[in-house]
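One structure is given here, and the rest of the page talks about it.
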Amino acid sequence: MTIVEERVADVTILRLKGRLELDTGDMVLRDHVNGLVAEGRVLLLLDMHDVTRMDSAGIGMLAGKFLSVTRRGGTMRLLHLTNRTGRLMHVTRLETVFEIFHDEDEALRSFQTRP
């Protein structure tokens, strides 16, 4: 798993690439998000377009980091789910937890209207 970070105003976009799985990607994501939270950067948009596989460890890491960010007053939203990751989010019912977007501009605008 590789992560390319981009900032747009107060929002940090994390472009994920590769496998979000046990030992190959979940720890990479955990460490990256933990570093951002420690810096107070808690408005996160995860671009999942290039996530090729995701397992239960990856799903668990997404949920755990969502809680970490939320507890610090922020939010974590998802962008460009693939068919596979979209199905996993549906089966686990995490689609009811995360705000999921298909359009990057729309996702970025959603941060401006958050409560």
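The values are calculated or read from the model by the stated rules, or taken from the named source; none is laboratory data. Owing to the predicted nature of the structure, the values given are computational and were not obtained by experimental measurement. Reconstructed Cβ throughout: ideal geometry from the backbone, glycine too, with neighbour counts over all protein chains shown. Please note that ligands, DNA and RNA were not included when accessible areas were found on the heavy atoms of the full protein model with its side chains. Shrake-Rupley method; radii C 1.70, N 1.55, O 1.52, S 1.80 Å.
What dipole magnitude, in Debye to the nearest 20, does the chain give about its Cα centre under +1 on Lys/Arg Cβ and -1 on Asp/Glu Cβ?
Values: 16 positive and 17 negative charges, 60 e Å.
That gives a dipole near 300 debye.
Computing the accessible area with a 1.4 Å probe over protein heavy atoms, can you report the carbon and sulfur percentage for the range 2-113?
C and S atoms contribute 49 percent here.
Quick one: which residues, 5 or more positions from Arg77 or on another chain, have an amide H under 5 Å from its amide H? H modelled 1.01 Å from N in the peptide plane, none for Pro or chain starts.
Distant-sequence amide H within range of Arg77: Leu44, Leu45, Leu46.
Figure the gain on full extension for Gln112 and His49 (residue separation times 0.36 nm, minus the Cα-Cα span) and round it to one decimal in nm.
Roughly 20.4 nm would be gained on extension.
In cubic angstrom, how much convex hull volume per residue do the alpha carbon atoms of the range 2-113 span?
89
Helix-derived [θ] at 222 nm for the chain: sum -39500 (n - 2.57) over DSSP H runs of at least 4, divide by residue count, nearest 500?
Counting only the DSSP helices, I get -12500 deg cm²/dmol.
Over the chain, give the accessible area per residue in Å² for a 1.4 Å probe, as an integer.
On a per-residue basis, 54 Å².
Indicate, rounded to the nearest 5 percent, the antiparallel portion of the DSSP beta bridges found entirely in the range 1-60.
Percentage antiparallel, nearest 5: 45.
Which helices of the chain meet both criteria: a Cα extent of 20 Å or more along the helical axis and a mean Kyte-Doolittle score no lower than 0.0, with helices taken as whole DSSP H segments?
Details: long enough: 56-71 (22 Å, 0.79).
Helices meeting the span and hydropathy rule in the chain are 56-71.
At a Förster radius of 41 Å, what calculated FRET efficiency corresponds to the Cβ-Cβ distance of Arg87 and Ala9, to the nearest 0.05?
Result of the calculation: an efficiency of 0.80.
Percent antiparallel among DSSP beta bridges with both residues in the range 2-113, to the nearest 5?
DSSP beta bridges in the range 2-113 are roughly 30 percent antiparallel.
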